[in-house]
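Okay, so here's the structure we're looking at.
The values are calculated or read from the model by the stated rules, or taken from the named source; none is laboratory data. From a predicted model like this one, the values you see are computed outputs, not experimental measurements. Neighbour counts are summed over all protein chains in view; Cβ atoms, including those assigned to glycine, are modelled from backbone coordinates with ideal geometry. Accessible surface areas use protein heavy atoms only, side chains included; no ligands, DNA or RNA. Shrake-Rupley method; radii C 1.70, N 1.55, O 1.52, S 1.80 Å.
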Amino acid sequence: MASLSFVFSIIFLQLLFASLPSHHTLTFAADGSWQLLQKSIGISAMHMQLLRNDRVVMFDRTDFGPSNLSLPNGKCRNDPTDTALQVDCTAHSVEYDVFANKFRALMVQTDVWCSSGAVMPDGNLFQTGGFNDGERRVRVFSPCRTCDWNEIPNGLTAKRWYASNHILPDGRQIIVGGRGQFNYEFIPKNIVANKINLPFLSETNDKGIENNLYPFIFLNVDGNLFIFANNRAILFDYVNNIVVKKYPMIPGGEPRSYPSTGSAVLLPLKNLKAVAIEAEVLVCGGAPKGSYLQSLKGTFLAALDTCARIKITDPNPEWVMETMPLARVMGDMILLPNGNVLLINGARSGTAGWEQGRDPVLSPVLYQPDNDINSRFEVQNPTTIPRMYHSTATLLRDGRVLVGGSNPHAFYNFTGVLFPSELSLEAFSPAYLDAKFDNLRPTIIAPKSMSGIRYRKKYTIQVVINGDKVDENSTSVTMFVPAFNTHSFSMNQRLLVLGNDKVTAVGNSTYNVEATTPRSGNVAPSGFYLLFVVHQGIPSQGIWVRLY
């Protein structure tokens with residue numbers, strides 16, 4: 001009789017879960033919490049960048065038609081080449097004040113659709129390319145209370161649409177690829193022949209599908225660039241235009257770049273005093289071969305549920321495969337201050353493109369890279385808002401992850417569609433922000449935010465930790481580069497684990513944590529970083545520092 005009851009219990013549970021909507025499964029996860037910050041900011045946050053004044057610049061595209069946010073003071077954008085609205089008195093960009101939870105309209109002149117960018121060493125956002133009249137523009141946004149976009153006509157040598165950018169050790173940006181562009185260039189321009197061919201991009205181009213747009217680019221610790229497109233990667237010496245190394249294809253050969261749209265991250269760099277620093281890249285999710293063409297016919301193939309991890313500094317590197325608890329396409333991967341990775345946003349089937357994704361993944365997943373290979377993933381609590389094509393996410397100074405966007409339509413569309421244009425902003429708070437960890441949480445009291453720091457120097461960070469005992473061995477200093485996030489890739493994202501040289505108690509729950517800064521621009525390009533102190537996995541609120 002007991003065995004019969006057990007069978008009925010199993011059948012009941014199966015029926016229960018089968019009856020739930022597919023995007024509500026796995027909601028029993030225990031960690032993390034969500035907060036709706038703004039029901040509407042008037043635009044859909046297709047692109048997102050945190051700046052050194054704790055403001056986040058966001059924008060979608062100028063040819064969506066009128067947005068739900070008016071430009072101030074009777075301003076209007078007059079653009080005779082715009083494909084939707086030549087005179088537009090609404091905004092397509094906003095600046096969001098994180099701690100005031102307020103936003104203001106910004107004005108872009110040309111189409112920023114599917115563009116790219118990165119923050120320069122001086123803290124200014126240089127944003128590049130787009131569609132139509134925006135494809136060769138460079139746009140500059142300086143962080144100040146009243147600043148707006150400035151545009152540089154013909155700032156690019158080539159048309160850049162779906163390209164990727166990265167800051168280099170010399171302070172320039174490199175811009176790689178884009179639709180129909182199998183080459184790269186630099187800004188600011190300092191050479192006459194500024195468009196340089198990169199055959200790897202044409203080799204990874206699937207005819208009629210591409211699958212090599214928004215390539216994943218990371219600065220390796222030797223100063224070369226790791227460039228991933230489609231299902232494989234190279235190590236590239238951009239100074240001499242030489243491929244230093246070809247990495248093996250990901251096992252299975254499934255595409256991971258737009259429109260198959262997985263995501264990728266350079267895992268936290270550690271042991272920075274070692275002669276040979278190791279660097280690892282993690283690529284997760286995407287859509288299997290054929291997904292794009294099948295979705296055009298109304299068939300939405302299941303997304304990939306695998307991650308591939310490779311030590312790019314190894315002499316003979318090999319991909320190591322892992323299985324995620326949730327398949328995901330169009331997801332974002334965000335580095336957290338304690339070295340973990342958050343997988344967030346996206347869908348379980350389909351691919352990137354208008355109306356081409358289905359079955360939203362509402363639950364983020366935490367990836368813990370230092371755990372055993374079989375215990376790295378942990379499902380988190382779900383949101384209630386689908387974040388599909390054109391969604392974004394970025395880490396904030398207080399440790400939350402800002403989430404916005406989602407508009408799988410050619411225009412703003414709020415009714416009669418599966419996934420309405422999403423104008424809201426949310427924040428996901430990882431478990432480390434729970435009040436139960438307050439006695440472990442460091443509070444940085446010195447140095448002051450915006451302090452300058454130099455390479456190869458030892459600095460003292462003074463913190464207050466109110467718990468009874470501080471574990472020196474689990475106290476670490478980390479430095480994070482805020483990324484330019486769009487289309488499931490966070491360009492220029494980087495986390496450096498400085499560790500600690502010494503932790504000293506100085507009384508009244510106050511401690512001095514000594515740490516040594518990175519040794520060169522190859523490891524950490526100069527610019528603005530968020531500095532955190534992490535104690536037993538619980539990070540402080542960050543402070544801004546500028547590395548010279």
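How would Lys245, Lys448 line up by accessible area, probe 1.4 Å, largest first?
Numbers: Lys245 50, Lys448 160 Å².
From most accessible down to least: Lys448, Lys245.
Need one value: the accessible area of Asp148 in square angstrom, 1.4 angstrom probe, rounded to the nearest 10.
Number for this one is 40 Å².
For the pair Lys311 and Val243, how long in nm is the line joining their label points, each one 7 Å along Cα→Cβ?
With each label placed 7 Å out from Cα toward Cβ, I get 2.4 nm.
Mind grabbing the base-10 log of I(q)/I(0) for the range 63-182 at q = 0.10, 0.16, 0.19, 0.20 Å⁻¹? Debye formula, identical points on the C-alpha positions, no solvent, two decimal places.
Taken in order of the listed q values, log10 I(q)/I(0) reads -0.32, -0.81, -1.08, -1.17.
Accessible surface of Lys458 in the full protein assembly, 1.4 angstrom probe, to the nearest 10 Å²?
The value for Lys458 is about 130 Å².
If you put +1 on each Lys and Arg Cβ and -1 on each Asp and Glu Cβ, how big is the dipole of the chain around its Cα centre, in Debye rounded to 20? Could the numbers behind the result be given before it?
Details: 48 positive and 45 negative charges, 185 e Å.
The calculated dipole for the chain is roughly 880 debye.
Hey, rough spin-label estimate for Gln38 and Thr83, points 7 angstrom out along Cα→Cβ, what's it come to in nanometres?
Simple spin-label model gives 2.7 nm for this pair.
Per residue of the range 67-78, what does 6.51 cos²θ - 1.76 cosθ + 1.60 with θ = phi - 60° give for ³J(HN,Hα)? Whole Hz please, x for Gly and Pro, Karplus curve as stated.
8, 9, 9, 7, 6, x, 6, x, 5, 9, 8, 9
For the chain, what does -39500 (n - 2.57) per DSSP helix run (n ≥ 4), summed and divided by total residues, give at 222 nm, in deg cm²/dmol to the nearest 500?
Values: 3 runs with 29 residues, N = 548.
After summing the helix terms and dividing by residue count, I get -1500 deg cm²/dmol.
Report the local net charge at Glu322: Lys and Arg +1, Asp and Glu -1, summed over other residues whose C-beta lies under 9 Å from its C-beta. Walk me through the numbers before you get to the answer.
On the way: positive: Arg309, Arg376; negative: none.
That works out to +2.
What does the charge count near Ala347 come to, summing +1 for each Lys or Arg and -1 for each Asp or Glu among other residues with Cβ under 11 Å from its Cβ?
On the way: positive: Arg328, Arg348, Arg358, Arg387; negative: Asp359.
Charge balance near Ala347 sits at +3.
Taking a 1.4 Å probe, which of Ser70, Ser349 shows the most accessible area, and what order do the others take after it? Mind dumping the intermediate values first?
On the way: Ser70 80, Ser349 15 Å².
Correct descending sequence by accessible area is Ser70, Ser349.
Using a Förster distance of 30 angstrom, determine the FRET efficiency expected from the C-beta separation of Asn439 and Asn101, and round it to 0.05. Write out the running numbers ahead of the final one.
Values: r = 27 Å, r/R0 = 0.92.
Plugging the Cβ-Cβ distance into 1/(1 + (r/R0)^6) gives 0.65.
Taking the Cβ of Ala84 as the centre, find all other residues whose Cβ is under 11 Å away and add up their charges (Lys, Arg: +1; Asp, Glu: -1).
Numbers: positive: Arg61; negative: Asp63, Asp79, Asp82, Asp88, Asp111.
Charge balance near Ala84 sits at -4.
Hey, how many Å between the Cα centroid of the range 457-533 and the Cα centroid of the range 148-178?
29 Å
Can you list residues whose amide H is under 5 Å from Asn212's amide H, if they're 5+ apart or on another chain and H is modeled 1.01 Å from N?
Asp206
Might you list the cysteines of the chain that have no disulfide-compatible partner by the rule of another cysteine's Cβ under 4.7 Å?
Cys114
What residue among Ser202, Pro259, Ala352 has its Cα farthest toward the positive end of the dipole of the chain, where the charges are +1 on Lys, Arg and -1 on Asp, Glu, each on the Cβ?
Ser202
Could you order Leu282, Leu304 by accessible surface area, starting with the largest, using a probe radius of 1.4 Å? Walk me through the numbers on the way to the answer.
Numbers: Leu282 0, Leu304 20 Å².
Listed by decreasing accessible area, they come as Leu304, Leu282.
Rounded to the nearest Å, what's the spacing between the alpha carbon centres of the range 218-266 and the range 82-135? Just the number, please.
Cα centroid to Cα centroid, the span is 28 Å.
If you take the Cα Rg of the range 28-117 and divide it by 2.2 N^0.38 Å, with N the number of residues, what do you get?
Values: Rg = 14.8 Å, N = 90, 2.2 N^0.38 = 12.2 Å.
Dividing the Cα radius of gyration by 2.2 N^0.38 Å gives 1.22.
Heavy atoms of the protein only, probe of 1.4 Å, neighbouring chains included. What is the accessible area of Thr81 in Å², nearest 10?
Approximately 70 Å² for this residue.
With a Förster radius of 35 Å, plug the Cβ-Cβ distance of Asn73 and Asn190 into 1/(1 + (r/R0)^6) and report the FRET value to the nearest 0.05.
Working: r = 38 Å, r/R0 = 1.08.
E between Asn73 and Asn190, to the nearest 0.05, is 0.40.
If I model a spin label as a point 7 Å beyond the Cα along the Cα-Cβ vector, how far apart are those points for Asn508 and Arg454 in nm?
It works out to 3.1 nm between the two label points.
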